[in-house]
Amino acid sequence: MNKEITVKSEKIFEGKIINLRVDTVELQNQKYAKREIVEHKGASAIIALNENDELILVKQYRKAVEEFLYEIPAGKINVAEEPRECALRELKEETGYEAKDIAKIYEIYSTPGFSNEKIYLFKAEDLTYTATNFDEDENIEVITISKSEAKKMLETGQITDSKTIVGILFWLNM
Ligand SMILES: [Mg+2]
């Protein structure tokens, strides 16, 4: 298999969170194709377990899908920030918990069909509660769930966010 060679790249939109570009690529058979690509700077997400071995989830409205979703704490990586720092910062901002030690579990391409977004998934234990510090545009409810509740929420389709499904399956198999 060969790589696709970019012969033309067109910037369509530059936003705060994503950029959109359309690349024209040359395929092996000398044919050309267009690739619509959403550029993203990456994000961190965190499986955080409290002292009762419960998972911390956040519930929030997601405009793109017009639904309230349960998700593990997560957020975009800031400029010059390491994925690990981002995970700790998002955990604290969204849930009020600080973690002493975290370990990276997986690196996940969320939607490689059209985006380079990579999610760094971490696991945290040994949490201490301090205070939340939401972003101004975030409206978040924090809940905790046991392993059996997590299993049920997966089975009944109440959890549909991919990074959260990956995180829960990892936790259930731990
Ligand atoms: Mg977030």
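The values are calculated or read from the model by the stated rules, or taken from the named source; none is laboratory data. Just so we're clear, the structure is a prediction, and the values are computed from it rather than from any experiment. Accessible surface areas use protein heavy atoms only, side chains included; no ligands, DNA or RNA. Shrake-Rupley method; radii C 1.70, N 1.55, O 1.52, S 1.80 Å.
Overview of results
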| item | result |
| --- | --- |
| Sum of -39500 (n - 2.57) over DSSP H runs of 4+, divided by residues of the chain (222 nm, nearest 500) | -5500 deg cm²/dmol |
| Convex hull volume per residue for the range 38-174, taking Cα atoms only, in Å³ | 115 |
| Solvent-accessible area per residue for the chain (1.4 angstrom probe, square angstrom) | 63 |
